[in-house]
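The values are calculated or read from the model by the stated rules, or taken from the named source; none is laboratory data. This structure is a prediction, so every number in the text was calculated from the model and none was measured. Here Cβ is always computed from backbone atoms with ideal geometry, including for glycine, and neighbour counts include all displayed protein chains.
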Amino acid sequence: MRFALAVCALLALGLAPGINPAMARPAPDSFADLAAKLLPTVVNIATSQTLKAPPRAQLPNVPPGSPLEDLFKNFLGPDGEKPRHVTSLGSGFIIDPAGFIVTNIHVIEDSDQVTITLYDGSSLPAKIVGRDTKTDLALLKVIPKKPLPATHFGDSDKARIGDWVMAIGDPFGLGSTVTAGIVSARNRDINAGPYDDFIQTDAPINRGNSGGPLFDMDGNVIGINSAIFSPSGGSVGIGFAIPANLARDVVAQIKQFGVARRGWIGVRIQQVTEELAQGMGLPGTQGALVADVTGGGPAQKAGLQNGDVVINFDNKPISDSRELPRVVAATPIGKTVNIDVLRKAKKQSFHIVIAKLDETPPDKPGKKLPPPVPSKSQSNLSQLGLTVVTLDENARAKYKLAGNVQGVVVSAVEPASPAADKNFRPGDVIVEVQSQPVKTPADVEARVNADVKAGKKAELMLVNRNGDLTYVGLRLD
């Protein structure tokens, strides 16, 4: 009987005899040994900044020697007010015994002077080697009298939700502080930058922890603590760390070149929504939809087109539109990689040579095309809640559309319609419907009516808004 109860209990836990579950590491009895080993690798970062005094307000015209003169002087302040010195504190960690230290940009931003305080209490001036605004990472350098204790980056991809982690930093300027928790979530996008892929943790992180490391139980840095979600400014158990696998490449490039050098293929992408998947005949919403291809860029040279859905890049599956920019950016410049796309729902493969991302790209050259013949033609697409008109001279002037923009212009959008749900607005230009170029309202109406008759659930449109091309999927009511 006892054996039967034991088996039932194991079955309830998924641990019945004959089953080999993944072995999870038990909670440590203490973090003391790990903390003692890692504390010397974490530093306090103090910065100072000089703020110019605001211009002194002019005294009103009052008689010399009047009591009002003294009153206004006291109220407006003395002449020649001195500049103010502002200090701030943060954290960082040593990655090289020679004195290289990683932190966040926002810890050292706009600073005139950066000072590092080591765990033994000694202080050293630091030089900023370089910074990367897109990931909020900065690399500092000090000149130590002897080699410094250093830590190293681990493999953040191996960190699983529920794994134990330990954070070390200098919250509120109190000094070296150790906190512990677990990995709460992965791949968080908090709209901090184009390559957001944060590790979320409930290890207490507060102001001053920024730039400090998040360690796994082997003592590897798997993240750089960078942000918290908190109404009060204190820890509520929601902290975010830049994953080590992203930081490692950025830091290495800053160390070598002074800046981060990212890969670029020359596409603008968007998420594949359910409506877009239905309109394009795709099996699901996986992948990154190519909305526009840069002329003369690597993607165009490789043969990619608008409407392709990237599903694999350099043998890495692309699950959504957020993943592709991260993978491309991390690919070595000059490398030739394989890219798999779905084109008209059929898989095709291309080889593409990675170029260097220009952080200040020039404006896209526009090919000047003659405007279409003026026309007052109009169609009311009641199924979608759109009214469209010919893109003639009057429409170009009214909606300030460039001469190289071609298609059919939206003149009205019905409230509570499929078009309104997708934020269509007057002045949007419909370039394609179901991957077919449209030049007149009649073209759009014929395409939509044919798809309604064929029983399609969604209409795929390529839309030009303010010069940017975007695919939109509209429900066919």
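Does any residue of the stretch 437-458 turn out to be closer than 16 Å to THR273 by Cβ, touching a Phe, Trp or Tyr at 6+ places or on another chain (Cβ under 7 Å) and crowded, with 19+ Cβ neighbours inside 10 Å? Lay out the reasoning, then the answer.
Filtering the stretch 437-458 down to residues closer than 16 Å to THR273 by Cβ leaves 456-458.
Next, from what is left, pick out any that are touching a Phe, Trp or Tyr at 6+ places or on another chain (Cβ under 7 Å): none.
No, because not a single residue in the stretch 437-458 is closer than 16 Å to THR273 by Cβ, touching a Phe, Trp or Tyr at 6+ places or on another chain (Cβ under 7 Å) and crowded, with 19+ Cβ neighbours inside 10 Å.
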When the stretch 93-126 is examined, which residues are found to be within 17 Å of PRO144 (Cβ to Cβ), modelled with pLDDT under 95 and acidic (Asp, Glu)? ASP120
Considering only the stretch 199-234, how many residues are touching a residue at least 60 places away in the same chain (Cβ under 8 Å) and either closer than 17 Å to ARG160 by Cβ or surrounded by fewer than 24 Cβ atoms within 10 Å (Cβ to Cβ) (or both)? 10
Would you mind finding the one in GLY233, GLY266, GLY237 that is on the phi > 0 side of the Ramachandran plot and either modelled with pLDDT of 90 or more or among the polar types (S, T, N, Q) (or both)? GLY266
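Among VAL310, VAL353, which is the only one that is within 28 Å of ARG186 (Cβ to Cβ) and of a type in the set (A, V, I, L, M, F, W, C)? Before the answer, list the steps.
Details: VAL353 fails: within 28 Å of ARG186 (Cβ to Cβ).
The conditions single out VAL310.
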Return yes or no: is ALA302 over 23 Å from the mean Cα position of the chain (by Cα) and not assigned by TED's automatic domain parsing to the domain that holds ILE161? yes
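Quick one: which residue in GLY211, GLY223 is in a loop (DSSP other than H, G, I, E, B), touching a helix residue (DSSP H, G or I) at 6+ places or on another chain (Cβ under 9 Å) and either under 15 Å from ALA138 (Cα atoms) or not acidic (Asp, Glu) (or both)?
Values: GLY223 fails: in a loop (DSSP other than H, G, I, E, B).
None of the other options fit; the residue is GLY211.
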Of all residues in the stretch 127-181 being in the same structural domain as GLY211 (by TED's automatic domain parsing) and β-branched (Val, Ile, Thr), which is surrounded by the fewest Cβ atoms within 10 Å (Cβ to Cβ)? ILE161
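I need a count of the residues in the stretch 435-460 that are aliphatic (A, V, I, L, M) and touching a residue at least 40 places away in the same chain (Cβ under 8 Å).
So the answer is 6.
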Filter the stretch 106-117 down to the residues that are surrounded by fewer than 19 Cβ atoms within 10 Å (Cβ to Cβ) and touching a strand residue (DSSP E or B) at 6+ places or on another chain (Cβ under 7 Å) and list them by number. ASP110, ASP112, GLN113, THR115, THR117
Checked against (1) closer than 24 Å to GLY266 by Cβ; (2) free of Cβ contacts under 8 Å to residues at least 60 places away in the same chain, ILE430 satisfies every condition except (1)
Kindly evaluate SER88 against the criterion of being closer than 25 Å to GLY193 by Cα, polar (S, T, N, Q), part of a loop (DSSP other than H, G, I, E, B) and at pLDDT below 95. no
Taking the stretch 34-49 on its own, how many of its residues are surrounded by fewer than 15 Cβ atoms within 10 Å (Cβ to Cβ) and not in a strand (DSSP E or B)? 3
What pairs come out if I take residues in the stretch 374-385 that are at positive phi and pair them with residues that are modelled with pLDDT of 75 or more whose C-beta lies under 7 Å away, six or more apart or interchain? GLY385/VAL413; GLY385/GLU414; GLY385/SER417; GLY385/PRO418; GLY385/ALA419; GLY385/ALA420
Single unsatisfied condition, ILE182 versus (1) without any contact (Cβ under 8 Å) to a residue 24 or more places away in the chain; (2) closer than 27 Å to ILE128 by Cβ; (3) assigned to a strand (DSSP E or B): (2)
Got at least one residue in the stretch 136-155 being over 20 Å from GLY219 (Cα atoms), at pLDDT 95 or above, touching a Leu at 6+ places or on another chain (Cβ under 6 Å) and not in a strand (DSSP E or B)? yes
Find all pairs meeting these conditions: Cβ atoms under 6 angstrom apart; at least six residues apart or on different chains; first residue within the stretch 306-324 and in the same structural domain as ILE269 (by TED's automatic domain parsing) and within 17 Å of ALA291 (Cα to Cα); second residue of a type in the set (Phe, Trp, Tyr) and not in a strand (DSSP E or B). none
Note on GLY181: of the conditions (1) more than 16 Å from GLY237 (Cα to Cα); (2) modelled with pLDDT of 95 or more, unmet is (1)
